[in-house]
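Engineer: Sharing a structure below in structure tokens format, with a few things to ask.
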Amino acid sequence: MTRSDLIFGAAGLALAAVLAPAHVAAQSATSSPASPEARAQATLERMQPEEKTVLTHGPLAMPLMGPLELPADAVVGAGYIAGIARLGVPSLRETDASLGVSWVMGARGDGATALPSGLAMASSWNPGLLGEGGAMIGSEARAKGFNVLLAGGTNLMRDPRNGRTFEYFSEDPLLSGVLVGNAIAGIQSNHIISTIKHFALNGQETGRKFADVRISDAAARESDLLAFQIGLEIGNPGAVMCAYNRVLGHQACSSDYLLNTVLKRDWGYKGFVMSDWGAVPGLDAALNGLDQQSGEQLDPAVFFADKLAAAAKADPRYARRLDDMNRRILWAIYANGLDAHSATPGQPIDFAANGAVALETAKQGIVLLRNEGDVLPLARSAKSIAVIGGYADTGVLSGAGSSQVQGEGGPAASIPMGGEGPFAAFITQQFQRSVPLKAIREMAPEARVRYANGRYISDAVNLAREAEIVIVFATKWATEGADQPDLTLPEGQDALIAAVSAANPRTIVVLETGNPVIMPWLDKTAAVLEAWYPGARGADAIASVLFGETNPSGHLPITFPASEADLPRPKVDGFATLDPNFAGDPPTPDTRLSVNYDIEGSDLGYRWNAREGKKALFPFGYGLSYSRFAAGGLASDGATARFHVTNTGARAGADVAQVYLVSRNGKARQRLVGFARVELAPGESREVSVTIDPRLLADWNGKGWTIARGTYAFALGEDAEHLGEPVTVALSARSWKD
Ligand code: BGC
């Protein structure tokens, strides 16, 4: 039995049904003597006044600001919060962990298993697989001594040029919420705390510490906040990490609206809010709902130690909050069993087994975008192959910043990308040790496989002319801290692909990108695979798909726009005012920078295209297979949708069935309301049923949700643009509180 079977039930990988919130151990309100609530209260009552700020703040635990002086039980990672030994409260050892235990520039001296990027994971549309990945990361983190993982990146993709797009999951609240919830549940199955982050509306890196997001409450609740809400319900994370940006004029980590009103009051969240690193503007963030100051050297002052203690002495509002902060942190510790299951560094790790999880995730995450004349899969008896570009002789690309993961021995290559100051070490283009050229040679043992690095187009064209098949690897690096100027492939790669595919029509393009790209050369190519940043075993996964050992089943979790002109904003707001090469944050905040998310409101990505009548280059939900599938027989009462999926092709494979709301009372309104990844043998048919979350049909009314009375039309979609015959359902009006 695999870990995913244990956590998510035997159907986890085959039919990845949505893990409903009700199935998950809820944040139960019962307070039996041993409940986490009761234990937190009892420990709080035993605290001495001077112990009350121990858990509320802590330092950065990586050598970013000079040499480190950490307590003996700290582990080099992102952060450290001291424990209270007298009361049996463990210290909190924090590492970044969205894609694996992070590399922290090699400072810890050991490696970890890198899962593919968030976009790749999400392309599987497989919640069970995400759970298995989370469980794997959690087990490695535990073995290294960590007990708090900074994971669960849930920000929706409002702009495909966002530099952190690769870390996040999708542009859709249901898909992101379900996937992140399962990843978090997987992590926390190891008796450790996971965060969900960055709360909220952290949609761009440009001016990330000061950009002020403007959005109506209703649009936020129906989009970005809904993704977090679903993720919290399913994953039940012990902590929420608030974001860098401002929202409606207030820093997210000091936003009464986000933290007190939405998260704690409306959603009844019981865990704690930790700050992002360097995101705390002042002491009053405590009154606005922040519970813990992280990486405190990066803030203007350590607010949540002596200053907080003094405020609590003088002001009952701070005293009440200080107790509440402790209760929340202790609740998360006890609810996840951190005290009873201590994480001791130096435990053995089964890298072979964990690598298999990374491989399976990469295989399910690769999206086949084009396959003219079924040029793929390639025959393993191929005789001559030209491999061009993308450092395919070296490794596979990874995204940069705090989420960077490298295996034992570190990156295969690391190219500085500019920038100055302490963060420059993060801003490097790193390749993981999984080599496409080698994997292709292993798949086609009889072939003469020759490689050109693609720096000279003439050289690549000569090689392409002489080969039976050409595989061009194209990379687009992305990093935390900087957005992308546009959606082209950099460094002349668009021209390279155009020239090579003109020289040889059997040209297959493998993309390793952190964002959608536009493809001026598309019509000239035979096939295109989007492999994203494919992780520790990425090359094996790519070769496995190219040669048909794996039948591709990935579907896009983000729209690939036909052109940047189709996006809600022509450029990332504020982009032109910043040096795109900066490393870290600009010294002078541009406090005038505001970002208007009311342009698209809750209509991100495919919803925006549907509203504006635009067609994508490749729509949300799109993905080809070496087999063919037919979905039909849709029936819905508005609460569930039933249909059947059949594999009409000749190979076993998986389809991702998608159900969309397409209109309400005759007015176009598109929402993904359900999905299921279904594995089918050739000729096999399966009945599928998905539950429709009523919030996806409703409007936020200021206090809760309202379903308007009327006619709702649903359709099955191969993707967001290729929709079947709609089925209509009459629904009566209803409202409920969140
Ligand atoms: C990032 C967070 C990360 C933290 C700690 C910040 O710069 O925004 O995602 O968890 O650093 O490394």
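The values are calculated or read from the model by the stated rules, or taken from the named source; none is laboratory data. A quick note: this is a predicted structure, and the numbers were derived from the prediction, not measured. As a convention, Cβ positions derive from the backbone with ideal geometry for all residues, glycine included, and neighbour counts pool all protein chains shown. Calculation scope for accessible area: heavy atoms of the full protein, side chains included, ligands and nucleic acids excluded. Shrake-Rupley method; radii C 1.70, N 1.55, O 1.52, S 1.80 Å.
Engineer: Using 0.36 nm per residue of separation minus the Cα-Cα distance, give me the extension gain between THR488 and THR706 in nm, one decimal.
Structural biologist: Working it through step by step, the gained length comes to 74.3 nm.
Engineer: If you roll a 1.4 angstrom probe over the protein chains with everything in place, what fraction of the accessible area of the chain belongs to carbon and sulfur, to the nearest %?
Structural biologist: Within the chain, the accessible surface is 53 percent carbon and sulfur.
Engineer: Put +1 on the Cβ of every Lys and Arg and -1 on every Asp and Glu Cβ in the range 55-184; which of ILE184, VAL89, LEU60 then has its Cα farthest towards the positive end of the dipole?
Structural biologist: VAL89
Engineer: Let me ask something else. Farthest toward the dipole's positive end in the chain, which of GLY421, THR591, SER223, given Cβ charges of +1 (Lys, Arg) and -1 (Asp, Glu) about the Cα centre?
Structural biologist: SER223
Engineer: First check a/c for the range 430-546, with a ≥ b ≥ c the square roots of the eigenvalues of its C-alpha gyration tensor; if it is under 1.5, answer rounded, and if not, answer prolate when a/b is larger than b/c or oblate otherwise.
Structural biologist: Since a/c reaches 1.5 but b/c is at least a/b, the shape of the range 430-546 is classed as oblate.
Engineer: Right, here's the next one. Taking 0.36 nm per residue of sequence separation and subtracting the Cα-Cα distance, how much length would be gained by fully extending the chain between SER689 and GLU51, in nm to one decimal?
Structural biologist: 224.5 nm
Engineer: Right, next: Kindly identify the range 477-562 as rounded, prolate or oblate by the Cα gyration tensor criterion: order the square roots of the eigenvalues as a ≥ b ≥ c, call it rounded if a/c is under 1.5, otherwise compare a/b with b/c, prolate if a/b is larger, else oblate.
Structural biologist: Verdict is oblate for the range 477-562.
Engineer: Compute the FRET efficiency between ARG380 and ASN453 as 1/(1 + (r/R0)^6), taking r as their Cβ-Cβ distance and R0 = 25 Å, and round to the nearest 0.05.
Structural biologist: It comes to 0.50.
Engineer: Still on this structure: Report the residues of the range 616-659 in range of a label on SER563: point 7 Å along Cα→C-beta, backbone N strictly under 16 Å from it.
Structural biologist: 616-618
Engineer: For the chain, the longest stretch holding no GluC sites (Glu not before Pro) located in a DSSP loop with at most 15 other Cβ atoms within 10 Å is which?
Structural biologist: For GluC sites (Glu not before Pro) (loop position, at most 15 other Cβ atoms within 10 Å), the longest site-free span of the chain is 70-407.
Engineer: Something else: Taking only the alpha carbons of the range 93-169, what extent do you get along each of the three principal axes, in Å, biggest first?
Structural biologist: 35, 27, 17
Engineer: Once the principal axes of the Cα atoms of the range 625-738 are found, what is the range along each, listed largest first in whole angstroms?
Structural biologist: Computed over the Cα atoms, the extents are 51, 26, 20 Å.
Engineer: For the chain, with only Lys/Arg (+1) and Asp/Glu (-1) charged at the beta-carbon, what is the dipole magnitude about the Cα centre, in debye rounded to 20?
Structural biologist: Roughly 860 debye, rounded to the nearest 20.
Engineer: Jot down the radius of gyration and Dmax of the range 638-694, Cα atoms only, both in angstrom.
Structural biologist: Considering the range 638-694 through its Cα atoms, Rg and Dmax are 13.5, 41 Å.
Engineer: A further question on this structure: Putting +1 on Lys and Arg Cβ atoms and -1 on Asp and Glu Cβ atoms, find which of GLY633, GLY710, VAL645 reaches farthest to the positive end of the dipole of the range 627-736.
Structural biologist: GLY710
Engineer: Still on this structure: Would you mind getting the accessible area per residue of the range 355-546, heavy atoms of the protein chains only, 1.4 Å probe, in Å²?
Structural biologist: 33
Engineer: For the chain, count the residues as N, evaluate 2.2 N^0.38 Å, and divide the Cα radius of gyration by that value, please.
Structural biologist: My calculation over the Cα atoms of the chain gives 0.92.
Engineer: On to the next question. Note down the magnitude of the dipole of the range 355-546 about its Cα centre, charges +1 on Lys and Arg C-beta and -1 on Asp and Glu C-beta and zero elsewhere, to the nearest 20 debye.
Structural biologist: Using only the charged Cβ atoms, the result is roughly 580 debye.
Engineer: With +1 on each Lys and Arg Cβ and -1 on each Asp and Glu Cβ, how big is the dipole of the range 627-736 about its Cα centre, in debye rounded to the nearest 20?
Structural biologist: Result for the range 627-736 is approximately 480 debye, rounded to the nearest 20.
Engineer: Further, regarding this structure: Starting from 0.36 nm per residue, how many nanometres of slack lie between TRP736 and THR344 once their C-alpha separation is accounted for?
Structural biologist: Gain on stretching TRP736 to THR344: 136.5 nm.
Engineer: What is the Cα coordinate range of the range 248-345 on the first, second and third principal axes, sorted by size from largest, in whole angstrom?
Structural biologist: 40, 32, 26
Engineer: Convert each backbone phi in the range 493-500 into a coupling constant with the Karplus relation 6.51 cos²θ - 1.76 cosθ + 1.60 (shift: θ = phi - 60°), then list the ³J(HN,Hα) values in order as whole Hz, x for Gly and Pro.
Structural biologist: Per-residue couplings from phi come out as 5, 4, 5, 4, 5, 4, 5, 5 Hz.
Engineer: Here's a follow-up. For the range 371-434, which chymotrypsin sites (Phe, Trp or Tyr not before Pro) are in a loop by DSSP, counting at most 10 other Cβ atoms within 10 Å?
Structural biologist: none
Engineer: Another question, then. For the pair GLU466 and ASN596, what calculated FRET efficiency results from E = 1/(1 + (r/R0)^6), where r is the Cβ-Cβ distance and R0 = 45 Å, to the nearest 0.05?
Structural biologist: Computed FRET efficiency for ASN596 and GLU466: 0.25.
Engineer: Please say if the range 500-656 is rounded, prolate or oblate, where rounded means a/c under 1.5 for a ≥ b ≥ c the square roots of the C-alpha gyration tensor eigenvalues, and otherwise the choice is prolate for a/b larger than b/c and oblate otherwise?
Structural biologist: Judged from the Cα gyration tensor, the range 500-656 comes out oblate (a/c at least 1.5, b/c at or above a/b).
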